[in-house]
1. How much length is gained on full extension from Arg136 to Gln262, taking 0.36 nm per residue of separation minus their Cα-Cα distance?
2. Once the Cα atoms of helix 147-160 and of the chain are each reduced to a long axis, what angle between those two axes, in degrees from 0 to 90 to the nearest 10, is obtained?
3. Which residues in region 118-158 place their backbone N less than 20 Å from a point set 7 Å from the Cα of Val175 along the Cα-to-Cβ direction?
4. What angle, in degrees between 0 and 90 and rounded to the nearest 10, separates the Cα long axis of helix 101-118 from the longest principal axis of the Cα atoms of the chain?
5. 7 Å from Cα along Cα→Cβ at both Ser103 and Ala280: what's the point-to-point distance in nm?
6. As I understand it, the value is the acute angle between the Cα axis of helix 51-60 and the longest principal axis of the Cα atoms of the chain; what does it come to in degrees, rounded to 10?
7. Starting from the Cα gyration tensor of region 162-298, take the square roots of the eigenvalues, sort them a ≥ b ≥ c, and report rounded, prolate or oblate (rounded when a/c is under 1.5, otherwise prolate if a/b is larger than b/c, else oblate).
8. Okay, helix-only estimate at 222 nm for the chain: each DSSP H run of n ≥ 4 adds -39500 (n - 2.57), divide by all residues, round to 500 deg cm²/dmol; what do you get?
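Readers should treat all values here as calculations from the given coordinates under stated rules, not as data from a laboratory. Just so we're clear, the structure is a prediction, and the values are computed from it rather than from any experiment. Please note: Cβ atoms are built from the backbone with ideal geometry, for glycine as well, and neighbour counts cover all protein chains shown.
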Amino acid sequence: MEPQDVQSLVEQHFDRLSPELQRAARWVVRHGAALGLQSMRASARQAGVSPATMTRLARQLGLPSFEALREPFRRALARQAEDPAGYLDRARRAAAARASLVSDLNEAQAADVRSCTGLNAAGRIEAAARLMLRSRQVAFLGLRASFGIAYHLHYTFALVRGTGRLLPDPSGSVVEQLDLLGPRDLLVAVSQAPYTRETVEAVQQAVHTGVPVLALTDSALSPIARGARQVLLFSATSPSFFPSMTGAQALAEALVAAVAAQGGAAVVQHLGRRQALLQARKAYWERPLRPAVRSEHA
């Protein structure tokens, strides 16, 4: 068994786990290296659960013990140690990168951008774009740190389609506005750990009432991914105190680009009308030409 096999087991059994076991499962998926290095008690403490919970998690996944859960990660670390030259080279490069927080941050951001293709199977972003194009109207929801991503999605989608709305709008609460959506519509929800409660509850309401959900999130175990019609993943890794939004932004841009590419003539016509309207309203600043300076010798 490999670490990815453990992750597959977690995803397979996740919905049937208790809230405490789900908390432990999320920690296992995100901290495989730590799991392979330390004791059950230390892992449980970092996951915020009791040691007995780690044993129960292993058994719920069909494994005989905590040791069986930890073993794939321990072996993966051992294989890395068998390549000392490569390890030293990676250590030297990592030490050089740590010389600057900005350098660390830039490397993490680049990896987050690459996660758009690394975490999403080929064709998944295009399939999500087709779902958006087929929907009668598309509602975008992202709160707290994710609000900027939802706003950007709504703004750019409005340039190519006139069927989007940003939640919540001044007409009412998120719950009230979700009541206006139906099976022919789509809720595009954005959230990452720590997940905003109102976003999670909105997704749960949409799933319960039959509104399709497209979730943009940082993990297949995210609460907004459970029950979603389609899920697009991004990485939010950052050496900073704040989680990175770079991966989410890159994914949002890739999604709207796919919508524009697949929308055909209707998208081109709508974009042309929007651009003409913005130009007519002088929406963008155009710096006036400076008058020529007359030479003193003229």
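1. Values: separation 126, 0.36 × 126 = 45.36 nm, distance 1.63 nm.
Full extension of this stretch gives 43.7 nm more.
2. Compared with the principal axis, the helix lies near 50 degrees.
3. Counting backbone N atoms under 20 Å from the label point, the list is 140-144.
4. Tilt of helix 101-118: around 90 degrees.
5. Label-label distance for Ser103 and Ala280, simple model: 5.5 nm.
6. 80 degrees
7. Details: a/c = 2.54, a/b = 1.81, b/c = 1.41.
Prolate is the answer for region 162-298, as a/c is 1.5 or above and a/b outweighs b/c.
8. Details: 14 runs with 171 residues, N = 298.
Helix-only estimate at 222 nm: -18000 deg cm²/dmol.
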